[in-house]
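See structure below.
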Amino acid sequence: MESERPATRAWVLHPDLKTDRHRRDPDAALAEAVALADALPGLQVVGSETVRLTKIMPGMLFGKGKIAELKSRMAEAEVELVLVDGHVGPVQQRNLEEEWKVKLLDRTGLILEIFGDRARTNEGVLQVEMAALSYQRTRLVRAWTHLERQRGGFGFVGGPGETQIEADRRAIDDQLVRLKEKLAKVGKTRALHRAARAKVPYPIVALVGYTNAGKSTLFNRLTGADVFAKDMLFATLDPTMRRVVLPSGEEIILSDTVGFISDLPTELIAAFRATLEEVLDADLIVHVRDITHAQTAEQARDVQKILHDLGVAETAPMLEVWNKIDVLTGDQRTAVEVQADRTKGIFAVSALTGDGLDALLAAVAEAITPPGTTETLRLPFSAGQRRAWLHNESLVDSETADEDGYAVTVTWTALEKERFGRM
């Protein structure tokens, strides 16, 4: 029996640039970077540290003295892979690898490795592969060993070294063309699924939040589903949808989505736009926060920014869930619960124990069944599809026709009116 391959010994570095106005708390940032590394199978983090910088060195990122110091300590620890929690340019990556005699991944490369290992649906896999190829194409200093891999990861960690740049470029471009063709076919299938789902009179409620906030645990609690839920960053990478009957009798489709994370490159947001399209179509967004995390406010701002980038922050109603109150004790928990009770749209819960979920579900039911308004619409004869949709949704109170078209009186909610407007 073949023995298991030993874990790759990794060292995590968080560059803390003093002149960066948007710099995060270095201790929290380093802890998150280590958690990211722990989320990738086959890695063993043997060291981690924050490197304070007064400026970025163009060719090597760090100064000569720090590079020499790190080289000595990493050699002693037999480090094979360095993970830099930030952007590392292609030239900087090549130079550091040559100096330290290790492989190096920056934050984007590491996140792509995790995405590649976790993506499960066809569309998720294709989106990740395209993002990875686009990222690697800008480097042209690595071996594209992942092109022949069937699943899991992209080979950024391994690989034999340099290959011919032109051959690399051709291989990537050819693969990108093939992936785009596959993605177009998958997109058509998904569009059919969305059209079929649009006929089901169930509102879509999307769980969103910073990665590891407890979305999948909450999803499992509410649906009885067995979605992978673990105290690990990016435990969920593809949306999972289930029908849920609320205590009020209302039925909804609940969607569990990929966790957001700070400093997620814009190209990754674009690559995962289809994966996050359940959020784009949501009638209600439930923002799940880990209220026990030291950086919970910063995480919430990161989530809001990504929702804004997706174009849904201002259009869809939102409830906020302060999760993991079971971790809090005594006065801490009481203070959080009192603050949530006093703030409209916020609910303190424990997805693990179920505490506080009754009030949350009642609010969900109220949010998806707002009072309707009655209006009379003028539709030309050419608007047959839009008229049919109104009838299929049982929104028509009365209808008359004249030489100019139809006068249709409907009673609908603001969400139904918005859906009609998008047709």
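The values are calculated or read from the model by the stated rules, or taken from the named source; none is laboratory data. Owing to the predicted nature of the structure, the values given are computational and were not obtained by experimental measurement. Note that we place each Cβ from the backbone using ideal geometry, even for glycine, and neighbour counts take in every protein chain shown.
Can you name the residue in the stretch 162-180 that is of a type outside the set (Ser, Thr, Tyr) and not in a helix (DSSP H, G or I) and, of all such residues, is modelled with the lowest pLDDT?
Taking the candidates together, the pick is GLU162.
Consider only pairs whose beta carbons are under 9 Å apart and that are at least six residues apart or on different chains; among these, list those whose first residue lies in the stretch 198-212 and is buried (at least 22 other Cβ atoms within 10 Å of the Cβ) and assigned to a strand (DSSP E or B) and whose second residue is of a type in the set (Lys, Arg) and modelled with pLDDT of 85 or more.
Within 9 Å, the pairs are LEU207/LYS215; VAL208/LYS215; GLY209/LYS215; GLY209/ARG289; TYR210/ARG289.
GLU320 versus (1) part of a strand (DSSP E or B); (2) farther than 16 Å from VAL286 by Cα: which is the lone unmet condition?
(2) is the only condition that GLU320 fails.
Cβ contacts < 6 Å: first residue assigned by TED's automatic domain parsing to the domain that holds VAL79 and closer than 30 Å to ARG301 by Cβ, restricted to the stretch 1-26; second residue modelled with pLDDT of 85 or more and of a type in the set (Lys, Arg), any location; separation 6+ or different chain. Result?
Within 6 Å, the pairs are ASP16/ARG52.
State whether the residues of the stretch 237-246 include one that is part of a helix (DSSP H, G or I), outside the structural domain of LEU390 (by TED's automatic domain parsing) and modelled with pLDDT of 60 or more.
No: zero hits.
Based on this model, can you work out whether LEU183 counts as touching a helix residue (DSSP H, G or I) at 6+ places or on another chain (Cβ under 6 Å) and either modelled with pLDDT of 75 or more or surrounded by 15 or more Cβ atoms within 10 Å (Cβ to Cβ) (or both)?
In short, yes.
Yes or no: the stretch 151-158 includes at least one residue that is modelled with pLDDT of 70 or more and surrounded by 17 or more Cβ atoms within 10 Å (Cβ to Cβ).
no
With small (Gly, Ala, Ser) and either in a strand (DSSP E or B) or touching a residue at least 12 places away in the same chain (Cβ under 8 Å) (or both) as the only criterion, which of ALA68, ALA33 stands out?
After ruling out the rest, the residue left standing is ALA33.
Does the stretch 287-317 hold any residues that are among the small types (Gly, Ala, Ser) and not in a helix (DSSP H, G or I), and which are they?
Correct list: ALA294, GLY311, ALA313, ALA316.
Please indicate, with yes or no, whether at least one residue in the stretch 310-320 is farther than 19 Å from VAL208 by Cα, surrounded by 14 or more Cβ atoms within 10 Å (Cβ to Cβ) and either at pLDDT 90 or above or in contact with a Cys (Cβ under 8 Å, 6 or more places away or on another chain) (or both). Let's see the steps before the verdict.
Let us first name the residues in the stretch 310-320 that are farther than 19 Å from VAL208 by Cα, namely none.
Among the residues of the stretch 310-320, not one is farther than 19 Å from VAL208 by Cα, surrounded by 14 or more Cβ atoms within 10 Å (Cβ to Cβ) and either at pLDDT 90 or above or in contact with a Cys (Cβ under 8 Å, 6 or more places away or on another chain) (or both), which makes the answer no.
Residues to consider are GLU78, GLU49; find the one that is surrounded by fewer than 18 Cβ atoms within 10 Å (Cβ to Cβ), in a strand (DSSP E or B), out of contact with any Ser or Thr (no Cβ under 6 Å at 6 or more places or on another chain) and of a type outside the set (Ser, Thr, Tyr).
Within the list GLU78, GLU49, the selection yields GLU49.
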